Amino acid sequence: MKTTKKVWLVIEKNTYGKSQSFSVIKHADTVEQALTFKVYLEKLNDRDNQTYFLASDVDTIMSNVITAHNKSVENGSYYKNHPEVKKPEVKKPSEEEMPF
């Protein structure tokens with residue numbers, strides 16, 4: 001089975017009138033590292049026509065989202081932030097339901 005390496009990119013966008021150009025400025029292994037690069041590049045930026053954003057492949061982004069969601073469900077913060085979603089009750093099986 002082929003495993004793909006997760007890569008995050010910091011993209012620089014330059015706007016000149018109606019035309020735009022994009023360049024990969026930094027490669028990062030984690031979203032945190034990429035976000036740190038982006039924040040520092042924005043602080044150094046002295047041009048109005050230049051902005052930065054993060055990009056990655058769909059599998060990397062979805063993996064990141066799913067991991068964060070599962071972690072929030074496990075620690076209960078998901079249900080605190082979304083009161084419209086009821087936390088499922090853990091039902092203990094009765095003796096009749098137990099297979100052994």
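Of note:
- Of the residues making up segment 13-53, those that are of a type in the set (Val, Ile, Thr), under 29 Å from ALA68 (Cβ atoms), surrounded by 11 or more Cβ atoms within 10 Å (Cβ to Cβ) and in contact (Cβ under 8 Å) with a residue 12 or more places away in the chain number 4.
- Residue within segment 51-70 that is under 30 Å from ASN14 (Cα atoms), modelled with pLDDT of 90 or more and polar (S, T, N, Q) present: yes
- Of the residues screened, LYS92 is not one that is touching a residue at least 24 places away in the same chain (Cβ under 8 Å) and either of a type outside the set (A, V, I, L, M) or not in a strand (DSSP E or B) (or both).
The values are calculated or read from the model by the stated rules, or taken from the named source; none is laboratory data. Keep in mind the model is a prediction, meaning the values are calculated, not measured. Please note: Cβ atoms are built from the backbone with ideal geometry, for glycine as well, and neighbour counts cover all protein chains shown.
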